[in-house]
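Q: Below are the structure tokens for one structure; questions will follow.
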Amino acid sequence: VIDEFPFLIQSNSSIPSIFQRVWDNVLQKMGAKMILLGSSISVMESDVLGYRSPIYGRRTAQIYLTPLKFKDIKGLFPEHSWEDIVRIYGIADGIPAYLQEIRYRLMHGERLTDVFTPGKPLFEEGEFLIRSELWEPGRYLLILKAIAFSNTKFGEIVNFTSLPSPTVSQYLSNLKKLHLVRVEHPFGARETRRNARYFLFDNYFNFYFRFIYTHRDELIEMGEIEGFEEMFNTYLGYIFEKVAMEMIWEKMRMGEIQARSAGRWWRKDAEIDVVAEGRKNIYFFEVKWASLKKKEIGRIISTLQEKVDEHWKTNKRIHLGVVGKEIAGKEELRREGFLLYDLRDL
């Protein structure tokens with residue numbers, strides 16, 4: 001097992017050729033297994049997995065390690081509430097090293113807001129990763145900042161950055177290859193560039209560009225961001241949509257929701273946070289990072305029903321639901337036929 005194989009390649013470009021000869025002439029004949037690990041996606045994909053690599057065609061498997069799922073993070077913070085876990089997830093995503101850093105700080109009496117102050121690893125990590133993966137990082141940083149501030153349409157990114165459209169297109173393509181940016185299309189719609197929306201791949205980069213990168217000088221000079229809690233709570237509304245989507249997929253796997261595909265849906269004048277569809281059923285959910293009472297649920301469902309009636313034509317059985325931080329009287333409302341989930345359902 002060789003960890004951080006890209007570091008070897010960067011120190012000696014002939015390493016893949018050396019490994020190819022050793023593998024072909026010695027290790028393969030011995031029935032040995034070789035596991036190469038690396039955190040640099042660009043190097044692993046070009047110099048290890050790429051067809052021009054000397055060791056191309058010799059792999060028997062490849063694994064892209066994804067972050068931990070939201071519900072699994074609770075095991076690292078058993079003494080914290082689910083609401084706290086959402087806050088932690090909004091900063092660290094499910095990345096073990098970042099979660100471990102936060103866990104260490106909290107165990108030693110620090111606040112969650114202390115984990116990204118100057119001198120702490122998460123304060124520099126975002127820009128360090130970009131500079132280690134990409135040439136001309138300045139333009140990439142600008143594009144990532146644009147997306148973090150909800151400029152998710154191609155035209156919005158161009159306007160925010162003032163970069164030429166072909167440049168933005170090429171840079172977005174590179175960022176997608178590095179799993180830094182993902183592209184989404186409205187659920188059930190034909191995929192076109194006009195209906196594409198771009199999002200940062202993980203929550204840490206979202207948090208970094210919204211708060212650390214943008215408020216760097218303020219953090220250095222003042223040690224904190226003025227009005228952070230209010231801005232962070234607004235940001236958690238977006239994070240909770242990801243939590244809700246994961247929750248819906250889990251209910252689908254359990255058979256509680258009879259659907260096989262799910263996603264976000266939008267048009268120019270309307271948006272539905274989660275749509276899940278099966279052979280006979282279709283489900284529509286609104287997601288709210290808030291504590292909701294019965295009257296509020298009624299208003300949300302009514303608005304959701306109007307959007308479904310206006311924009312969806314289907315012969316399938318329609319189900320309407322809400323995912324909230326906390327829903328009062330949830331069981332009573334469920335008996336009325338609504339699908340309702342909150343953090344207590346995790």
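Q: When the residues of segment 122-141 are narrowed to those that are surrounded by fewer than 18 Cβ atoms within 10 Å (Cβ to Cβ) and without any contact (Cβ under 8 Å) to a residue 60 or more places away in the chain, which ends up farthest from VAL181 (Cα to Cα)?
A: Here the residue is GLU124.
Q: Determine, yes or no, whether TRP265 is among the aromatic types (Phe, Trp, Tyr), surrounded by 17 or more Cβ atoms within 10 Å (Cβ to Cβ), at pLDDT 95 or above and in contact with a Pro (Cβ under 8 Å, 6 or more places away or on another chain).
A: Values: among the aromatic types (Phe, Trp, Tyr): yes; surrounded by 17 or more Cβ atoms within 10 Å (Cβ to Cβ): yes; at pLDDT 95 or above: yes; in contact with a Pro (Cβ under 8 Å, 6 or more places away or on another chain): yes.
Yes, satisfied.
Q: Identify the residue in segment 241-262 that is under 26 Å from ALA92 (Cα atoms) and in contact with a helix residue (DSSP H, G or I) (Cβ under 6 Å, 6 or more places away or on another chain) and, among all such residues, is surrounded by the fewest Cβ atoms within 10 Å (Cβ to Cβ).
A: Restricting to residues being under 26 Å from ALA92 (Cα atoms) and in contact with a helix residue (DSSP H, G or I) (Cβ under 6 Å, 6 or more places away or on another chain), the top hit is GLU246.
Q: So how many residues does segment 272-305 have that are touching a residue at least 24 places away in the same chain (Cβ under 8 Å) and outside any loop (DSSP other than H, G, I, E, B)?
A: Qualifying residue count for the region: 22.
Q: How many residues does segment 8-47 hold that are surrounded by 15 or more Cβ atoms within 10 Å (Cβ to Cβ) and either in contact with a helix residue (DSSP H, G or I) (Cβ under 7 Å, 6 or more places away or on another chain) or assigned to a helix (DSSP H, G or I) (or both)?
A: As a first pass, look at segment 8-47 and keep what is surrounded by 15 or more Cβ atoms within 10 Å (Cβ to Cβ): 8-9, 15-16, 19-20, 23, 34, 36, 38-47.
From the residues that got through so far, the ones that are either in contact with a helix residue (DSSP H, G or I) (Cβ under 7 Å, 6 or more places away or on another chain) or assigned to a helix (DSSP H, G or I) (or both) too are 8-9, 15-16, 19-20, 23, 34, 36, 38, 40-47.
Counting residues in segment 8-47 that are surrounded by 15 or more Cβ atoms within 10 Å (Cβ to Cβ) and either in contact with a helix residue (DSSP H, G or I) (Cβ under 7 Å, 6 or more places away or on another chain) or assigned to a helix (DSSP H, G or I) (or both) gives 18.
Q: Restricting segment 181-224 to residues that are free of Cβ contacts under 8 Å to residues at least 40 places away in the same chain and within 19 Å of LEU144 (Cβ to Cβ), which is surrounded by the fewest Cβ atoms within 10 Å (Cβ to Cβ)?
A: Here the residue is ASP217.
The values are calculated or read from the model by the stated rules, or taken from the named source; none is laboratory data. Treat the numbers as computed from the prediction; the structure is a model and nothing was measured. Quick reminder, even Gly has a Cβ in these numbers, built from the backbone with ideal geometry, and neighbours come from all protein chains shown.
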